[in-house]
1. Please tell me the relative contact order of segment 40-129 in percent, rounded to the nearest whole number, where contacts are Cα pairs under 8 Å and at least six residues apart.
2. Between SER228 and ALA126, what FRET efficiency comes out of the Förster formula 1/(1 + (r/R0)^6) with R0 = 41 Å and r the beta carbon distance, rounded to 0.05?
3. What are the ³J(HN,Hα) values, in whole Hz, obtained from phi via the Karplus relation 6.51 cos²θ - 1.76 cosθ + 1.60 with θ = phi - 60°, for each residue of segment 121-129 in sequence order, with x given for Gly and Pro?
4. With only Lys, Arg, Asp and Glu charged, each at its Cβ (+1 for the first two, -1 for the last two), find how big the charge dipole of segment 40-129 is about the Cα centre; round to the nearest 20 debye.
5. Tell me the relative contact order for segment 140-239 as a rounded percent, counting alpha carbon contacts under 8 Å between residues six or more apart.
6. Want the number for ILE32 to ARG91: 0.36 nm per residue separation, take away the alpha-carbon distance, what's left?
7. With only alpha-carbon atoms in the gyration tensor, what are the semi-axes of the equivalent ellipsoid for segment 32-74, in Å, largest first?
8. Toward the positive end of the charge dipole of segment 140-239, about the Cα centre and with charges on Cβ (Lys, Arg +1; Asp, Glu -1), which of ILE178, PHE219, HIS140 goes farthest?
Amino acid sequence: MKKCNFLTISPFLLLWVLILISESVFASLLIIDTKGYVSGRLSKVSLERTFSSAFTGEVLLGHDSVTFISFGNQPPDLVSNPWQFCFEKDRYEEIENLIGSNVVLEFKAPKKNALLSCSAANELVAVYPVIENQALEQTHLIGDINTTDPEISRGIEFGRIVNVIENKNLLRSYFMTIQIGSGGSKFRHFVMDDPELFDFAIRSLRIAAMVKIHYSERFSVRNLFGLSSMSFVSEIEIVD
């Protein structure tokens, strides 16, 4: 039997490894210019380091959550629970007054230079209390799914939208996380490629509405994020 020559094979292995690394780096570069909203209970603020003027805050997503049990694929490190953010010293009193309240927080990344020492990835833009039980003129939106990836399954998930993100980099895309049911620590992640669905998700998040999310699970042979499948939103329906 002919033996394999390691010196002959190793360049191909090296090339394969380099391709994997380059894809991973490229995928990470895709999620660096974002804006979005998060909803939950503001649970903590602190000065992260005494030599820095950057403060951090934490939001427990949704209602009565303590940790993060995830369902559905998403790019790694995109959202976590508790959800952390950065802000500057002159906003401390504003944010401290909301500790213990259910809030909506608008954020962006990358951060300004003054906050680069902060470990949290996202910078606070605005924060205000959730306005619950506010009626919206529109309570149901059917959107589009533009991907050609083959469908694996479809379904409906019930819960509360707690995080929406617009990624403004090379490929504009939208991500959403819901708290499954009316409370607890189970969350499911979705993708949207319809800007109207994204805007409707924001309106639903701001009032902490209970919603039905209609989705299509799609398989991707070569996904830049290394995910085998993603759940694409087709409809959002507010439930009384």
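Quick note: the coordinates plus some simple rules give every number you see, no bench work behind them. None of these values were measured; they are calculated from a predicted model. Every residue, glycine as well, gets a Cβ built from its backbone with ideal geometry; the counts of neighbours run over all protein chains shown.
1. Normalised by residue count, the contact order of segment 40-129 is 32 percent.
2. After rounding, the FRET efficiency stands at 0.65.
3. 7, 10, 9, 5, 9, 8, 9, 7, x
4. 160 debye
5. 36 percent
6. The ILE32-ARG91 span can extend by a further 18.8 nm.
7. 24, 16, 10
8. ILE178
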